[in-house]
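S.K.: Here it is: the structure, laid out below.
The values are calculated or read from the model by the stated rules, or taken from the named source; none is laboratory data. Bear in mind the structure is a predicted one, so any value in this text is a computation, not a measurement. Virtual Cβ from ideal backbone geometry, glycine too; neighbours counted across all protein chains shown.
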Amino acid sequence: MSAHLRVAPDTTRVRLLDGAAVLPAHGTESLTGVARQDLAAHVAEHGSSVHSGAALIAELAAVSLTGRGGGHFPTATKWRAVPPGGTVVVNGAEGEPGCAKDAVLLQTRPHLVLDGLVAAIEAVGARDGVVWLHDGAHATARSVSAALAERAAAGLGDPPIRIVLAPDRYLSGEGTAIIRTLEGGPTLPRWVADPARPWSEGARPVLVNNTETLARAALVALHGSEAYEPTSLVTVVSMNHRAVLEIEPGTTLGGLVAQAWQSPDGHAPQAVLLGGYGGSWIAWRDAAHLVLDPEPLRAHGLSLGAGLVAPLPASACGIEESARLLRYLASQSAKQCGPCVFGLPAIAELAADLTAGRLGRSGRARLDRYVREVSGRGACRHPDGALRMWTSALTALHDDVRRHRRGRTCGAPLYDVLPLPEGAP
Amino acid sequence: MSVVPLRSARDQAPTQPRLRIDPGVCDGVGICAHLAPDLVALDSWGYPVVSSTPLERGGLRRQAEAAVAACPRKALHLAR
C-alpha cells in the first residue's frame, strides 16, 4: 500500500476493548489478554472532556443505548424518569455464573466506567454514586479502589463515589435488591407497583445502570454520538475458559462461535444458550446465521440479554444440562414469593425426573402445568427467566427430549458443561 | 368528554384499576380466593393467581375491594 493511501488509526469510531479478554471457567480473579488502563492511559485514548446534562441524554437516545444488564430498556428513558437529588449505581454484581464482561470492564477500563457514572450523576442531577460489587470480586474491587484513588490524586473533582459490597448470590445484582439495600433493607428483590419509580415512597431516588451501559454512556460523553459504534460485549463460554469479546454490528452467532469457542469434541455445537441462564436455547441450525443485532434478535423473540453465549457441545445432553441449570436457578430464589419458593423447585425436580427417564405421561402434564402456573408471577423476573430457558430447551432440543421420553437417558458422554459457582447444588 | 392527563406510552391504556398482588408479601393465606372468586384462583401450592382485568365499578370491583380489605398480609392492591 502506498504511503498516501495508508489509513490512519481509526479515530472516528471508538471501542470499549482492544482485544479479547480470557478468564478461567470460574471466577474473575485471573484475567489475561487485555491490559488495565490507568488514568493516564485512559485520558490518552479518550481525553478528559466529559459532556453531560440533557444533551448527553438526547445523544444516548439518538444512539439507542439500552441496558446491558439483560433488560435492554432504553437508557435515556430511564435517566429522564429519575428525579434529582438521588444516587446513581453502577451495577457490577454480575449474577450470571457464565458472564464476565462487567468484571472485564471494571478490571481493565475502570476509568471509562467511572466517567460514565460521573456523567450519569451530572445528567440526572444526583448527589452521589455507588459502585455495587459482589463481596468475593476481589480483583474487581482492587481495580475500582485503585481507580478512585488515582482520580482523587489527580484532583478530577468527581462527586462522592463509594464501593458497596453485596452477598455473592445470583440475585444480588437485581435492581430492586440494590435499591432495597441502599434504603437500609435486605439485599433481596422486591415488587414495585411502578417500575419507573422503583425506590420507596419518600426515599431518595436511585438510578441503577449496568457496568457496560455506563461505559457506553462514557464513550458518547467523551467522543460524541457520531463516533459511537453500537458494538456489544459478549462472554463466550468454553469448558476450560471464557472469552469476553466486543462484537461488531452484523456479527452472526455462528461466526462468533467459530471464532471464539473451543469445541471439546471437534464437532460444531448442537445448540447455543443465548443471553444468560435465564435466556433462550437456540438450535445450531438456527444459530449459525442468526445476526446478533437488536432488531433481528427481537424478530425471533430473542435478546442478547447479559451477553452470555454458551454453546452446547455435540456430545453433551441439552436436557440434562438445562435441568441442572434449572436446579441451580431454583436454589438461587430469594425465597420470598410462593410461586418461586414452591414452584421452581417442583419444576426442577420434575425436570430431573425427565432427564433420568423417570417421567411418565401424567408427570409431563404436571410439569407443563407448573410451568404455566409459575410464569409471570414473581416480584422479580427470576422465575420467568428460569422458565424461559427450560421452555426453550424443550423446543430447541426436542430430539434430546424425545430420547428421554422413551424411558431412558440419552447416554451423552459429556456432562456438567456450563459453569456454576463452587458448591452449587 | 373528559380530559385525560398525559401519561407515558407504557401505561397509556388502562384507566380502570386492576387487582394487583405483591407476591413477596403474600403468604398464601387464601382468603382472597373466597372473597373474589371471579378474580383470584389458587395455584398448585395455594398461592393466588390474580386476574389482570381492568375493573369497572360494579360486582367485580366490589369483589376486589373486599379481597384487598381482608388480606391479613396487605399483599393486595387496587392500582392502575
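S.K.: Just to be sure, is A:PRO195 of a type outside the set (Val, Ile, Thr) and within 14 Å of chain B (Cβ to nearest Cβ)?
M.R.: yes
S.K.: Of the residues A:GLY67, A:GLY116, A:GLY71, A:GLY86, which is without any contact (Cβ under 8 Å) to a residue 12 or more places away in the chain, touching a helix residue (DSSP H, G or I) at 6+ places or on another chain (Cβ under 9 Å) and either within 25 Å of A:ARG381 (Cβ to Cβ) or among the hydroxyl-bearing types (Ser, Thr, Tyr) (or both)?
M.R.: Only one candidate passes the filter, namely A:GLY71.
S.K.: Please give the number of the condition A:GLY173 fails out of (1) surrounded by fewer than 19 Cβ atoms within 10 Å (Cβ to Cβ); (2) of a type outside the set (A, V, I, L, M, F, W, C); (3) under 30 Å from A:ALA54 (Cα atoms).
M.R.: For A:GLY173, the failing item is (1).
S.K.: Within the stretch A:145-170, which residues are closer than 23 Å to A:ARG68 by Cα, surrounded by fewer than 17 Cβ atoms within 10 Å (Cβ to Cβ) and among the hydrophobic types (A, V, I, L, M, F, W, C)?
M.R.: A:ILE163, A:VAL164, A:LEU165
S.K.: Of all the residues that make up the stretch A:317-348, how many are within 14 Å of chain B (Cβ to nearest Cβ) and among the hydroxyl-bearing types (Ser, Thr, Tyr)?
M.R.: The qualifying residues number 1.
S.K.: Any residue in the stretch A:196-210 that is over 24 Å from A:THR66 (Cα atoms) sitting within a Cβ distance under 6 Å of a residue that is surrounded by fewer than 20 Cβ atoms within 10 Å (Cβ to Cβ)? List the pairs, counting only those 6 or more apart or interchain.
M.R.: A:SER200/A:GLU183; A:ALA203/A:GLU183
S.K.: Among the residues of the stretch A:349-366, count how many are buried (at least 20 other Cβ atoms within 10 Å of the Cβ) and within 14 Å of another protein chain (Cβ to nearest Cβ).
M.R.: The total comes to 1.
S.K.: Which ones in the stretch A:30-49 are out of contact with any Gly (no Cβ under 7 Å at 6 or more places or on another chain) and under 17 Å from A:THR211 (Cβ atoms)?
M.R.: Scanning the stretch A:30-49 gives A:LEU31, A:ARG36, A:GLN37, A:HIS42, A:HIS46.
S.K.: Now, a different point. Please work out which residue is farthest from the other protein chains (Cβ to nearest Cβ), limiting yourself to the stretch B:22-50 and to residues that are within 15 Å of A:PRO339 (Cβ to Cβ) and acidic (Asp, Glu).
M.R.: Within the stretch B:22-50, the match that is farthest from the other protein chains (Cβ to nearest Cβ) is B:ASP27.
S.K.: What number of residues within the stretch B:31-80 satisfy the criterion of being of a type in the set (Val, Ile, Thr) and closer than 25 Å to A:ARG366 by Cβ?
M.R.: Summing the residues that are of a type in the set (Val, Ile, Thr) and closer than 25 Å to A:ARG366 by Cβ in the stretch B:31-80 gives 3.
S.K.: Taking the stretch A:367-399 as the search range and keeping residues that are away from chain B (no Cβ under 14 Å) and polar (S, T, N, Q), which one is surrounded by the most Cβ atoms within 10 Å (Cβ to Cβ)?
M.R.: By that ranking, first place goes to A:SER392.
S.K.: Look through A:ARG169, A:ARG216, A:ARG162 and report the one residue that is more than 14 Å from chain B (Cβ to nearest Cβ), touching a Gly at 6+ places or on another chain (Cβ under 8 Å) and without any contact (Cβ under 8 Å) to a residue 40 or more places away in the chain.
M.R.: Selected residue: A:ARG162, the only one of A:ARG169, A:ARG216, A:ARG162 that is more than 14 Å from chain B (Cβ to nearest Cβ), touching a Gly at 6+ places or on another chain (Cβ under 8 Å) and without any contact (Cβ under 8 Å) to a residue 40 or more places away in the chain.
S.K.: Related question: Do you know which residues across the stretch A:213-256 are more than 19 Å from A:GLY69 (Cβ to Cβ), surrounded by 18 or more Cβ atoms within 10 Å (Cβ to Cβ) and under 18 Å from the mean Cα position of the chain (by Cα)?
M.R.: Listed by number, the residues that qualify are A:SER238, A:ALA243, A:LEU253, A:LEU256.
S.K.: Would you mind telling me which numbered condition in (1) at pLDDT 95 or above; (2) assigned to a loop (DSSP other than H, G, I, E, B); (3) of a type outside the set (Phe, Trp, Tyr) A:GLU96 fails?
M.R.: (1)
S.K.: If the requirement is being at pLDDT 95 or above and of a type in the set (D, E, K, R), which of these qualifies: A:GLU174, A:GLU201?
M.R.: Result of the check over A:GLU174, A:GLU201: A:GLU174.
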